[in-house]
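Have a look at the structure below, then the notes.
The values are calculated or read from the model by the stated rules, or taken from the named source; none is laboratory data. Since this is a predicted model, take the numbers as computed values, not measurements. With ideal geometry, Cβ positions are generated from the backbone for all residues, glycine too; neighbour counts draw on all protein chains shown.
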Amino acid sequence: MNHSNLIRNSKFKIQNFAMNLIIFGPQGSGKGTQADLLAEKFNLAHIETGQIFREIGRENSELGKIVKNLNEQKEMIPDEVTVEVLRAKLEVVPIDMGIILDSAPRTTGQVEPIEQMLAELARTLDKAIYITLPYEQSVERITKRYACTVCYRHFVLGNHIQELNDPCPTCGGPIMQRGDDTPEGVAKRLDTFYKVTIPVIDEYRERGMLIEVDGSQTVENVFSEIIEQLEKK
Ligand SMILES: [Zn+2]
């Protein structure tokens, strides 16, 4: 029996003392990089919903087909699908390991079901991190963004990779610009973030759980500011 089943089937809730975080930021804010750094420092499982859905979209399953279709039409994944997919990922994370949820909850409708699901897994959110970045800077950064065609990791031109012919720093595979990083694709995703996700961030701010960091700084400075604020309380 794995940990989560044990907790679900037990009358007694095991208190989890590992740190549970969520991280928000518009595209290009570097939140994925910060989530990776935080995951390493605090031994957290980095749960990135976008990545998970891209993986599922490549599976030849019923859910895979639905997700692939929605992805192709650039439509939002329904909230209940998001919650169930997240649950499946989180259930297998050991209870003594914290988590960092990247890009979820993405809509106000996901806040309650995700927190409810976390509670069922004996997890409570400690902090929400918001990495801010002006709209124009997002656009500028995204157009410099490339992905590996083998392991699908993202890299920034001039940062992780210096030239377009450079191999993937992780697996050595060839890299290319993401197909939806056109000006229209970028604008659509940024608009969705500001319209749909900002109200979620506002909610965490009102609850006094929000750490806000200026994402136009260097990766190192953003990271040390997050750490400083996390250790404050
Ligand atoms: Zn790779």
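Points worth noting:
- Pairs, first on the phi > 0 side of the Ramachandran plot in the range 120-131, second surrounded by fewer than 21 Cβ atoms within 10 Å (Cβ to Cβ) and aliphatic (A, V, I, L, M), C-beta under 9 Å, six or more apart: Ala122/Ile7; Ala122/Ile14; Ala122/Ile95
- Note on the range 34-63: residues that are polar (S, T, N, Q), surrounded by fewer than 20 Cβ atoms within 10 Å (Cβ to Cβ) and in contact (Cβ under 8 Å) with a residue 60 or more places away in the chain amount to 1.
- If you go through the range 143-165 and keep only what is surrounded by 15 or more Cβ atoms within 10 Å (Cβ to Cβ), farther than 19 Å from Lys74 by Cβ, charged (D, E, K, R) and away from the ligand (no atom under 11 Å from the Cβ), you end up with just Lys144.
- For the range 112-134, a residue qualifies if it is crowded, with 18+ Cβ neighbours inside 10 Å and touching an Asp or Glu at 6+ places or on another chain (Cβ under 7 Å), and the qualifying residues are Leu121, Leu125, Tyr130.
- Options Ala104, Ala88, Ala122: the member that is outside any helix (DSSP H, G or I) and under 16 Å from the mean Cα position of the chain (by Cα): Ala104
- Verdict on Arg178 being within 16 Å of the ligand (Cβ to nearest atom), within 19 Å of the chain's Cα centre (by Cα) and either modelled with pLDDT of 85 or more or over 25 Å from Glu220 (Cβ atoms) (or both): yes
- Verdict on Gln137 being touching a helix residue (DSSP H, G or I) at 6+ places or on another chain (Cβ under 6 Å), at pLDDT 85 or above and away from the ligand (no atom under 16 Å from the Cβ): no
- Residue within the range 21-42 that is at pLDDT 85 or above, more than 24 Å from Val139 (Cα to Cα) and among the aromatic types (Phe, Trp, Tyr) present: yes
- Pick from the range 73-106, criterion crowded, with 19+ Cβ neighbours inside 10 Å and of a type in the set (S, T, N, Q), ranking: modelled with the highest pLDDT: Thr82
- Filter result for Cys171 (within 15 Å of the ligand (Cβ to nearest atom), in contact with a strand residue (DSSP E or B) (Cβ under 6 Å, 6 or more places away or on another chain) and closer than 20 Å to Arg54 by Cα): no
- Residue in the range 183-218 that is farthest from the ligand (Cβ to nearest atom), counting only those that are part of a loop (DSSP other than H, G, I, E, B) and surrounded by 13 or more Cβ atoms within 10 Å (Cβ to Cβ): Met209
- Lys127 satisfies every condition listed in (1) at pLDDT below 90; (2) of a type in the set (Lys, Arg); (3) more than 16 Å from the ligand (Cβ to nearest atom) except (1).
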